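Comments concern the structure below.
Laboratory data are not the source of any read-out in this text; all were calculated from the coordinates shown. Since the structure is predicted, the reported quantities are computational estimates derived from the model, not experimental observations. Cβ sites come from the backbone with ideal geometry, for glycine too, and all protein chains shown count toward neighbours.
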Amino acid sequence: MPESLRRPGPHHARGENMGKAKKTSKVKKCPECGTEVQEPYKTWELVAPFPDKKMRITVTIMGMYECPNCGKKFRAVVSKVKLGPGEVEISK
């Protein structure tokens, strides 16, 4: 593979996360009783009005959850996506 087409490895300080998407899964817990809730019954997107220092726009996916144990309804972040030139970063 030509050197110009290679992605920088972890030893490069600047291109550390270039072209990679971050993923972490986290089960949401009810704030009332602590029961784990799997899936939101409703989701929506919030788009940040201004880009960050790397000129990426952050899109936050919010979700409405309902506890199967106590019936409490609560909001939580489902995931965040940062869209920008050269990379897409996804965090859950």
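Listed from fewest to most Cβ neighbours within 10 Å, the set 78, 88 follows the order 88, 78.
Got the relative contact order for the range 21-91 handy, in percent, Cα pairs under 8 Å and 6 or more residues apart?
In percent, rounded to a whole number, it is 31.
Cβ-to-Cβ counts within 10 Å put 75, 56 in ascending order as 75, 56, the fewest first.
Average 1/r across all pairs of distinct alpha carbons in the range 28-92, invert it, and you get the Kirkwood radius: 13.0 Å.
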